[in-house]
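Colleague: One structure coming up, written as structure tokens, with questions to follow.
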Amino acid sequence: MQGDRQPGLKGFLGFGLLGVGVLWDCLAGVYQPVWAAWAGLALTLGLYALLILAPLPVAAARWVVGAMAAVVTGMALVYANGWFYLFPLLALACALVLQGRAVHLALGALAAVTAFAVWRGGEGIGPIMGFAWGSFSTGVVMAAFLRLHVVIAELNRTRERLAEAAVAEERLRFSRDLHDLLGHTLSVIVVKAEAVRRLAVRDPEQAARQASDIESVGRQALTEVREAVTGYREVSLAAELERVREALRAAGVEVVVRRDGAPRSAQAEALLSWVAREAATNILRHSTAAHAVFEVSGAALTVRDDGAPKHQDRPPGGGLRGLSERLTRAGGSVEAGPLPGGGYEVRASLPVTTADS
């Protein structure tokens, strides 16, 4: 039998008490020969217990139900009386093994056989209808219960898969945030540390200011990492562009920021801030640029520089790939590549619905 259809069925062994009428008649000597009645009762209950307790394949379980149907029907036609109460037990067995249209066809046929056996036993229309309907309804209720069990089990599995997917998504978000946060911040620190080294001898005062900036950048990075861990990082695009300008200027890159409108949602602000940060990080780490332009137009950001790659054979990093994943989830896109006349361009855009939400 199929494991996902078994909601702890040992409790259904109690339905074997439907055979108590046959047991009583056997003890009272109603059936003759009595040994045949005892054997039929033992075989019926044994087959039913086998369905409940043994992990049978579906094909084998159907053979067991068929054997049980033959025994119950044969004994009911021969002995009548208490054997009629074993038709509902047979209906339970059908519901345990059969599924879909097959179980309804089997229960319909069982109701007809039950009605015939009760009629042949000399009973009136009331008992005929009662036993036939009782057998059919018992099987239908059991089939519905098992179907509900399957649906609940599938819902539980789906919930587990969703929980696993949520954990994986959170890990991915965390790795993207750390890459974008620390990649940019550490690049700034390296640039300023190089400036401190160059200025330490000839301009100690300027070197001290650069060292102070390193301290400020480090403290800001700690704050941003804590906020990224909790998932509540609020990003201002204007503030991010200002930090980007200062970082690039410290590296000797002249920056121009142009704004034509602004994103009208916190989500768009945050996403474009990540783009600005990653573009600046790539300029600091991988480009020889002397000039860069950051152009904001509504829910779009374009970053251009005039530099050449420091390492021509360097494989693409994960920063732009992470940005693409972020913006794709919001319905946006990121494109990056070299410009025909030299330099590099990063273009990011978000749909109007994201910008206005």
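The values are calculated or read from the model by the stated rules, or taken from the named source; none is laboratory data. Here the structure is a predicted model, which means the values were calculated and not measured. Note that each Cβ is placed from the backbone with ideal geometry, even for glycine, and that neighbours are counted across all protein chains shown. Calculation scope for accessible area: heavy atoms of the full protein, side chains included, ligands and nucleic acids excluded. Shrake-Rupley method; radii C 1.70, N 1.55, O 1.52, S 1.80 Å.
Colleague: Among the listed residues PRO309, PRO316, identify the single one that is under 38 Å from the mean Cα position of the chain (by Cα) and at pLDDT below 85.
Modeller: Of PRO309, PRO316, the one residue that is under 38 Å from the mean Cα position of the chain (by Cα) and at pLDDT below 85 is PRO316.
Colleague: Can you list residue pairs whose Cβ atoms sit under 6 Å apart, with the first residue in the range 296-307 being over 10 Å from ALA268 (Cα atoms) and the second being in a strand (DSSP E or B) and open to solvent by less than 10 Å² (accessible area, probe 1.4 Å)? Count only pairs 6 or more apart in sequence or on different chains.
Modeller: LEU301/ALA348; VAL303/PHE294; VAL303/VAL346; ASP305/ALA292
Colleague: If I filter the range 271-298 down to residues being crowded, with 24+ Cβ neighbours inside 10 Å and part of a strand (DSSP E or B), which single residue comes out as nearest to the chain's Cα centre (by Cα)?
Modeller: Step by step, filter the range 271-298, then rank; the result is PHE294.
Colleague: In the range 282-306, what residues are touching a His at 6+ places or on another chain (Cβ under 9 Å) and modelled with pLDDT of 85 or more?
Modeller: Selection gives ARG304, ASP305, ASP306.
Colleague: Would you tally the residues in the range 247-270 being touching a residue at least 40 places away in the same chain (Cβ under 8 Å), open to solvent by 40 Å² or more (accessible area, probe 1.4 Å) and over 26 Å from GLU325 (Cβ atoms)?
Modeller: 1
Colleague: I've got another one for you. Take the range 326-347 and flag every residue that is crowded, with 19+ Cβ neighbours inside 10 Å and touching a His at 6+ places or on another chain (Cβ under 9 Å).
Modeller: TYR344
Colleague: Condition first: modelled with pLDDT of 85 or more and assigned to a loop (DSSP other than H, G, I, E, B). Now tell me which residues in the range 242-268 satisfy that.
Modeller: VAL253
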